[in-house]
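Participant: Dumping the structure here so I can ask a few things about it.
The values are calculated or read from the model by the stated rules, or taken from the named source; none is laboratory data. Every value quoted in this text rests on a predicted model; they were computed, and no experiment measured them. Methodologically, a virtual Cβ is constructed for each residue, glycine included, from the backbone with ideal geometry; neighbour enumeration extends over all protein chains shown. Accessible surface is based on the protein model in full, side chains and every heavy atom, while ligands, DNA and RNA are left aside. Shrake-Rupley method; radii C 1.70, N 1.55, O 1.52, S 1.80 Å.
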Amino acid sequence: MYQYTENDQTLIDERVAQFKRQTENYFKGELSEDEYRALRLRNGVYIQTHAPLLRVAGPYGLISSKQIRKLAHIARTYDKNYCHFTTRQNIQFNWPKLELVPEILAELATVQMHAIQTSGNCMRNTTSDHLAGVAVDEIDDPRPYCEIIRQWTTLHPEFDYLPRKFKIAVSGALNDRAATQFHDIGLHLVKDGTGEVGFKVFVGGGLGRTPIIGQVIKPFLEQKHLLSYLEAILRIYNLFGRRDNKYKARIKILVKETGLDKFTEMVDAEWAHLRDANELSAERVNEIKAHFASPAYDVKADSDHTFAEHKANDKAFATWLAHNTAAHKVSGYAAVFISLKAPDMPPGDITDVQLDAVADIADAYSFGEVRATHRQNLLLADVKQADLYTVWQKLVDLGLATPNIGTATDMICCPGLDFCSLANAGSIGIAKEINEALDDLDYIHDIGELKINMSGCMNGCAHQSVGHIGILGVDKKGAEWYQITLGGSSENNAAIGERLGPAVAKDEITSAITTILDVYIKNRLEEETFLEAVNRLGINPFKEQVYANN
Amino acid sequence: MQIIKDKQRVDNTWQFIADEESLVAGDITVSLARWLQDKATLIAHSGKVGLRLKASDTVADFAEDLGHIKLVELNFADFADGRSFSQAWLLRGRYHYQDEIRAIGHYLPEQVFYLSRVGVNAYASDKTSALDSVLNNLNDFTVKYQPSII
Ligand code: HEM
Ligand code: SF4
C-alpha cells in the first residue's frame, strides 16, 4: 500500500497542529460555534446525540496492521472499546471527548492516518473496490489513481468550501463494487481501442434525500487529463452549485437543473483552459503505481492439498468458504471477508480485542494489510489456500466468521436513534430483530444474494434507496415507522428502489421483511436472485402479501 | 485602519464609495454594478480605482477592464461561501491579474492559508487582534499536494 513520504507526514502533522489551535481557540471563545463547526467537520468531528463522533479516513479502504492496532488502542484509550466501519471505507469512533480529539489525531498521524475532509462540505475520502488489485474481473488496478486523487483533493485550497459534500469513487473492474454511479463523480477504468487505460466519467449521482443515478459526462478521458478534468468539474460546481438551499446543493441537483448537455458544455469550456497546463505525467503515475506492486506471492500456493481435504471434511468450513471468500487473480490465493455482521453486534462495529487479533492474522497470513469494504465488513485480500482453514478457525474464535457475506443478514445499517440526533427511528434494534427472525443459516443461504439497507431517516446514510430491500425510518406522530422499498441496486445495473406502500409500524417491520422473503421463495425461478425476481415480478406480489398479513 | 498586505501590516489607503455617493479624490473602491455603469468616469478618475466583489459576481463580466483596476476586494458575507476562492483563482490564473486581491468581511483567519494559495495577498479585518492571527496562520503549512496559484 501507499507509504508516506516526508512531505505527506509533514502535511498531516501540520494539520494536527492547526486543528489543535482551532480547538483551543474555540474553548477560549475566539471562534464561534458556527465557525468552529465548519473547521471541526473538516477534521472528521461531528457532534451527535451523546458525544462527538470522530470519522477517520480509510484511504480507499486500505489499512495496515499497524494502523489497525492504533485504532484498537484509540478504541481502548479514548472510546468504549469499539469502533465502527462505514459504507465509505472510513472508521468512526462514537465516544471521544472533544478536547481530546487533537491528541487522538496526533496519535493517528504517527501511523500515517488522519481525519482530514471526512465530513463537511468539501471533497471527501476517495473510495474504491475492496478487491482492487486482486479481483479476477479487473481491467486495471484503481488504487494508484485513488492515491493520486487523494493527494489532489487533500487540502485543496480552492475547493474546501463547496456548496455541499463531494464524493469520488473509482472502480477498475467489470463489476462495480464501489457504488460509483451513486457518487458525485464516479470513475470507471476503461481501455480504448489501442489498449490505453483511461476513465469513463460519471457525474451527478448520489443518495440521500434525492437519490439520483450518475450520468456519463465523458465516455473516455485520457489518463493524463484526470486532474485537469476533475478541476474543471469542481470549479463549475463551486461557482454554480446552489447555496440557497442545502437540500438542493449537491452537484446532482446542478446537473439535473442545468441539464447534462449544458452542464457538459460548461465543464468542457472550463477544461479547455486547463487541459494542457496540468497534465498528469506517465512518470508520476508509475511512481505511484510502484507503491501498489503485487506482494511476493508464493507461485506454488495452488499445489497445497490440505485445503481440499478440510473443505471436504468440514461442512462449516465449506459453508464459510462459499460465502465469505472471493476469487483471487493468483491461483492458490483467496480474498477473505471478515464479517462484521455477527447477530449480536451492531453492523460494522468491531472491538479493540478483535482489532488487535485481526492485525495479527493480517501479519501472519495476508501481507499485513486489511481492507474496509463498502458494505461495512473487512477483507484480507491475499490469503494462501493452505492458510484458509487456520484463518477461518481464528476468525470463528473471534466471532468474525459468520458466513453471511452478501446475504440477508449482511445488512448495511446507520446508527439511527441510538446515536444520531437526526434519526426518526431506530435501526440497530431492527437489524437485531431481523437477525433473530432469520437465525437459520440454511434459510439465509437458500435466499442467497440479498442486500438489505436500513437508514433511520431521509438522509440515507445506509443507502436504503439502493438496497435490494430498503428500510427507511420515518416519524409518524412521534412513533417509529418504516418505509420499505424493493429493487434498488448500486451495482452495474444501478437502480433506485420502488416504494412498496405505506410505512409499517415498528412491531410489524420484521414480519413484513420475512413475508417479502417468503414471497420470493415461493415465486422464484431456478437460480433467480431476489433482485432478479423483483425485477421480473414487479412489486405487486410482495405488496399484496405484506399488506394482507399486517 | 491597518491591513495585512504581502505579509506586512500596512495602512489602508482606499476609500469606500457607496453606489449613490459621488466620487472623492484619491484611491477609491466601488461596487461592480457602479463600475459597469460609470466605467468611463471611473477610468478618468485621478486616483486608483478598486472593485468590491460579492461572491455572486461574475469575474468574466469585468475581466477585460482589469488593466484599469488596481484592487479587487473579495467580500465575504459568509465564510463558507467558497465562490470567492474560485474568483481569486480566476483573476490570477485565467486573467493574470497582478495587483492586490484583498479578503474582507466575514472570512476566517483560519482560512488565510488557502486564500493565499488561490492568489489573495491582502487581508482586512474589523478586529486588530485578527491581523496577528492572519500573519501567523499564513504559515500553517509548509507543504502542498496540488498546484494552484502558489
Ligand atoms: C450526527 C449524526 C450522523 C451520523 C451518526 C451519521 C452517520 C453516517 C454514517 C455511518 C455514514 C456512512 C459513512 C461515511 O460516509 O463515512 C454516513 C453517510 C452519510 N450521511 Fe450521515 N450521519 C450523521 C449525520 C448526517 C447528516 C447531518 C446528513 C445530511 C443532512 C447525513 C447524510 C449522510 C449521507 C447522505 C451519507 C452518505 C450517502 C451517500 O453516499 O451519499 N448524515 N453518515
Ligand atoms: S440516516 Fe439519518 S438517522 Fe441514520 S445516521 Fe444518517 S442522519 Fe442519522
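Participant: Return an integer: the convex hull volume of the alpha-carbon atoms of the range A:412-549, in Å³ per residue.
Facilitator: 101 Å³
Participant: Same structure, new question: Excluding residues fewer than 8 places away in the same chain, name every one of the lysines whose C-alpha is closer than 23 Å to that of A:Lys66.
Facilitator: Cα-Cα hits under 23 Å: A:Lys80, A:Lys289, A:Lys384, A:Lys394.
Participant: Peptide B:112-120: average number of partner chain Cβ atoms within 10 Å per residue?
Facilitator: Across the residues of B:112-120, the mean count of other-chain Cβ atoms within 10 Å is 3.
Participant: Between A:Asp507 and A:Lys262, what FRET efficiency follows from the Cβ-Cβ distance if R0 is 41 Å, with the result rounded to 0.05?
Facilitator: Calculated transfer efficiency: 0.25.
Participant: Still on this model: Tell me, what is the FRET efficiency for A:Asp439 and A:Thr77 to the nearest 0.05, using R0 = 51 angstrom and their Cβ-Cβ distance as r?
Facilitator: 0.90
Participant: Where does each of A:Ser128, A:Ser32 land when they are ordered by accessible area, with a 1.4 Å probe and the largest first?
Facilitator: I get A:Ser32, A:Ser128, largest accessible area first.
Participant: OK, next. Less than 20 Å apart at the alpha-carbon level, and either on another chain or at least 8 residues along: which lysines does that give for B:Lys5?
Facilitator: B:Lys48, B:Lys70, B:Lys127
Participant: If you take each beta carbon of peptide A:161-169 and count the beta carbons of other chains within 10 angstrom, what is the mean?
Facilitator: 2
Participant: If I take R0 = 45 Å and measure r between the Cβ atoms of A:Thr210 and B:Ile43 in this structure, what FRET efficiency does the formula 1/(1 + (r/R0)^6) give, to the nearest 0.05?
Facilitator: 0.40
Participant: Follow-up. Could you sort A:Glu544, A:Glu147 by their accessible area in this structure, using a 1.4 Å probe and putting the largest first?
Facilitator: From most exposed to least exposed: A:Glu544, A:Glu147.
Participant: Ranking request for peptides A:33-43, A:79-89: highest mean number of other beta-carbon atoms within 10 Å first, then the rest in descending order.
Facilitator: Result, highest mean first: A:79-89, A:33-43.
Participant: Between the DSSP loop rule and a limit of at most 13 other Cβ atoms within 10 Å, which trypsin sites (Lys or Arg not before Pro) in the range A:456-513 are left?
Facilitator: A:Lys477
Participant: Residues of the range B:48-70 with backbone nitrogen within less than 12 Å of a virtual label 7 Å along the Cα-to-Cβ line of B:Ala77, please, listed as ranges.
Facilitator: Counting backbone N atoms under 12 Å from the label point, the list is B:54-57.
Participant: Rounded to the nearest 100 Å², what is the sum over both chains of accessible area buried where B meets A, with a probe of 1.4 Å?
Facilitator: For chain B against chain A, roughly 2900 Å² becomes buried.
Participant: Something else now. Averaged over A:30-38, how many beta carbons belonging to a partner chain fall within 10 Å of each residue's beta carbon?
Facilitator: 3
Participant: Please compute the modelled spin-label separation between A:Leu174 and A:Ala308, points set 7 Å along Cα→Cβ, answer in nm with one decimal.
Facilitator: Label at A:Ala308, label at A:Leu174, 2.6 nm between them.
Participant: Quantify, in whole percent, the carbon and sulfur part of the accessible surface of the range A:301-398 (1.4 Å probe; protein heavy atoms only).
Facilitator: Heavy-atom surface of the range A:301-398 belonging to carbon and sulfur, 1.4 Å probe: 53 percent.
Participant: Considering only the other residues whose Cβ falls under 15 Å of the Cβ of A:Ala322, what net charge follows from Lys and Arg at +1 and Asp and Glu at -1?
Facilitator: -3
Participant: Moving on to the next point. Please calculate the 1.4 Å probe accessible area of A:Val190, with all protein chains present, and give it to the nearest 10 Å².
Facilitator: That residue has around 30 Å² of solvent-accessible surface.
Participant: Dipole size in debye (nearest 20) for chain B around its Cα centre, Lys and Arg Cβ +1, Asp and Glu Cβ -1?
Facilitator: That gives chain B a dipole magnitude of about 460 debye.
Participant: Do the alpha carbons of any pairs in A:Lys248/A:Lys477; A:Lys311/A:Lys506; A:Lys167/A:Lys191; A:Lys252/A:Lys451 sit beyond 30 Å of each other, and which pairs?
Facilitator: Correct reply: A:Lys311/A:Lys506.
Participant: Another question, if that's okay. When Lys and Arg each count +1 and Asp and Glu each count -1, what net charge do the other residues less than 14 Å away from A:Val474, Cβ to Cβ, add up to?
Facilitator: +2
Participant: How large, in percent, is the carbon and sulfur part of the accessible surface of the range A:412-549 at a probe radius of 1.4 Å?
Facilitator: 49 percent
Participant: Write down the accessible area per residue of the range A:301-398 in Å², having rolled a 1.4 Å probe over the full set of protein chains.
Facilitator: On a per-residue basis, the range A:301-398 sits at 37 Å².
Participant: Are there any residues in the range A:227-245 with a reduction of at least 50 Å² in accessible surface when going from the isolated chain to the assembly of protein chains? Probe 1.4 Å, please list them by number.
Facilitator: Residues of the range A:227-245 that lose at least 50 Å² of accessible area once the other chains are added: A:Leu239, A:Arg243.
Participant: Considering chain A, which cysteines have no disulfide-compatible partner, defined as another cysteine with its Cβ under 4.7 Å away?
Facilitator: By the Cβ distance rule, which asks for a partner under 4.7 Å, the isolated cysteines are A:Cys83, A:Cys122, A:Cys146, A:Cys413, A:Cys420, A:Cys457.
Participant: Could you please report the charge total around B:Arg83, scoring K, R as +1 and D, E as -1 over all other residues with beta-carbon less than 11 angstrom from its beta-carbon?
Facilitator: -1
Participant: Could you list log10 I(q)/I(0) for the range B:1-108 at q = 0.11, 0.15, 0.16, 0.24 Å⁻¹, which the Debye formula gives when each Cα is one point scatterer?
Facilitator: Log-scaled intensity ratios, in q order: -0.32, -0.62, -0.71, -1.55.
Participant: Write down the radius of gyration of the protein assembly as shown and its Dmax, each obtained from C-alpha positions, in Å.
Facilitator: 27.2, 96
Participant: Any idea what the dipole of chain A comes to, in debye rounded to 20, about its Cα centre with Lys/Arg Cβ at +1 and Asp/Glu Cβ at -1?
Facilitator: Computed about the Cα centre, the dipole is about 1520 debye.
Participant: According to a simple spin-label model (label point 7 Å from Cα along Cα-to-Cβ), what is the distance in nm between A:Asp360 and A:Arg499?
Facilitator: A separation of 5.2 nm, rounded to one decimal place.
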